[in-house]
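The values are calculated or read from the model by the stated rules, or taken from the named source; none is laboratory data. Remember, predicted model here, so these are calculated numbers, not experimental data. A quick note on method: Cβ atoms are made from the backbone with ideal geometry, for glycine too, and the neighbour counts reach across all protein chains shown.
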Amino acid sequence: MHDIIVVGAGPAGLTSAIYARRANKKVLVLEAKAYGGQIINTLDIENYPANNHISGFDLATNMYNQAKESGTEFVFDKVIEIKNYSKYKEVVTNNGKYKCKALILATGSENRKLGLVNEGDLVGKGVSYCATCDGAFYKGKIVAVVGGGNTALEDAIYLSDIASRVYLIHRRNTFKGEESTLNKLKEKDNITFIYNSNVTKLNGSYKLDSIEVMDIDNNRKELKISALFIAVGQIPENQNFAKIINLDDKGYIIAKENCHTNRKGIFVAGDARTKNLRQLVTATSDGAVASTEAIKYINSKL
């Protein structure tokens, strides 16, 4: 039996593992895909302390190697179910079952995609899902944001101070985001609103050159831009835990800053939980908190 099992090898999960190993706990990390999470697609990270310029791949690899060298075990397999027993937790994967005294869920969330041809190929080459991560690369350029919630509005405000022109594209004629944020946007003189429209095509082979936008009357137009920031929501990957763990109406695990879930001995870290800010630095912070709380839980049972 492991002391702690961590589900997910993104920044939150890897940090959890590092902290748990420093407390000499036996740790297993289960990951369905590859280590690193979403950040592995970020070409240059400039907002993480002590790493002014580092690629997401390099940072994730450093974290993974640090966790592995500390003695963390890794199994790359998809978790399909968790079971909560009085004396232990059981994690069921496609190919096995694992028991632990405490469990940390660091499954993250996935950016909702537009589903367009070339979208995946152009990530990091003009297509981005994080304005605060990548916006600075497009200083003085023409960019676009697609979405209608608070994230899209905040992204547009952020980019308006960097880019020369920001197109804000929304499929409806009203925004879901806060009115106060929208009013701030309307005061900007370099924001162009495009209502009742969808992005239907991404043009460019090696980098994004332009996008096609179609309105509700099927009228199409081409916008020459350097970057498209997609802010149409996220999809948390917590569906397999719904029978055990309380989720909010969007599928995020309900937890406060102490990273406790509704089940004793089960904790959550990173983008998988309810929180106001989803950034690399808050993910690693959660990892440290969740691991510390899991260690306290285990030690209290001794």
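Pairs needed: first member in region 180-191, at negative phi; second member anywhere, at pLDDT below 90; C-beta distance under 8 Å; at least 6 residues apart or different chains.
THR181/ASN150; THR181/GLU154
Among the listed residues THR72, THR93, THR42, identify the single one that is farther than 26 Å from GLN279 by Cβ, among the β-branched types (Val, Ile, Thr) and in contact (Cβ under 8 Å) with a residue 40 or more places away in the chain. Spell out the reasoning first.
On the way: THR72 fails: farther than 26 Å from GLN279 by Cβ; THR42 fails: farther than 26 Å from GLN279 by Cβ.
Checking each option against the conditions leaves just THR93.
When the residues of region 243-274 are filtered to those that are in contact with an Asp or Glu (Cβ under 6 Å, 6 or more places away or on another chain) and of a type in the set (A, V, I, L, M), which remaining residue is nearest to GLY37 (Cα to Cα)?
Within region 243-274, the match that is nearest to GLY37 (Cα to Cα) is ALA269.
Does region 116-123 include one or more residues that are out of contact with any strand residue (DSSP E or B) (no Cβ under 6 Å at 6 or more places or on another chain) and over 30 Å from LYS78 (Cα atoms)?
No, region 116-123 contains no residue that is out of contact with any strand residue (DSSP E or B) (no Cβ under 6 Å at 6 or more places or on another chain) and over 30 Å from LYS78 (Cα atoms).
Sort through ALA60, ALA50 and tell me the only one that's touching a residue at least 24 places away in the same chain (Cβ under 8 Å) and over 19 Å from VAL268 (Cα atoms). Before the answer, list the steps.
Details: ALA50 fails: touching a residue at least 24 places away in the same chain (Cβ under 8 Å).
From the options ALA60, ALA50, the qualifying one is ALA60.
Picking from ILE18, ILE45, which residue would you name as being under 15 Å from the mean Cα position of the chain (by Cα), of a type in the set (A, V, I, L, M, F, W, C) and assigned by TED's automatic domain parsing to the domain that holds GLY287? Full working, then the answer.
Numbers: ILE18 fails: under 15 Å from the mean Cα position of the chain (by Cα).
After applying the criteria, what remains is ILE45.
Can you tell me which residues in region 119-155 are within 17 Å of LYS186 (Cβ to Cβ) and either assigned by TED's automatic domain parsing to the domain that holds LYS250 or among the charged types (D, E, K, R) (or both)?
If the condition is that a residue be within 17 Å of LYS186 (Cβ to Cβ) and either assigned by TED's automatic domain parsing to the domain that holds LYS250 or among the charged types (D, E, K, R) (or both), then GLU154, ASP155 are the ones that fit.
Just the residues that are out of contact with any Pro (no Cβ under 8 Å at 6 or more places or on another chain) and in contact (Cβ under 8 Å) with a residue 60 or more places away in the chain, please, taken from region 28-39.
Once the filter is applied, which keeps residues that are out of contact with any Pro (no Cβ under 8 Å at 6 or more places or on another chain) and in contact (Cβ under 8 Å) with a residue 60 or more places away in the chain, region 28-39 yields LEU28, LEU30, GLN38.
So how many residues does region 143-155 have that are surrounded by 18 or more Cβ atoms within 10 Å (Cβ to Cβ), of a type outside the set (Ser, Thr, Tyr) and not in a loop (DSSP other than H, G, I, E, B)?
Step one: of region 143-155, the residues surrounded by 18 or more Cβ atoms within 10 Å (Cβ to Cβ) are 143-148, 151-155.
This time we only want the ones that are of a type outside the set (Ser, Thr, Tyr), so: 143-148, 152-155.
With the extra rule that they be not in a loop (DSSP other than H, G, I, E, B), the set shrinks to 143-146, 152-155.
Adding up the residues that qualify gives 8.
Please work out which one of (1) under 26 Å from THR132 (Cα atoms); (2) in contact (Cβ under 8 Å) with a residue 24 or more places away in the chain; (3) outside any helix (DSSP H, G or I); (4) of a type in the set (A, V, I, L, M, F, W, C) is the condition VAL289 fails and give its number.
(3)
Could we say that ASP286 is modelled with pLDDT under 95 and crowded, with 18+ Cβ neighbours inside 10 Å here? Spell out how you get there, then give the answer.
Numbers: modelled with pLDDT under 95: no; crowded, with 18+ Cβ neighbours inside 10 Å: yes.
Against the criterion (modelled with pLDDT under 95 and crowded, with 18+ Cβ neighbours inside 10 Å), ASP286 does not qualify.
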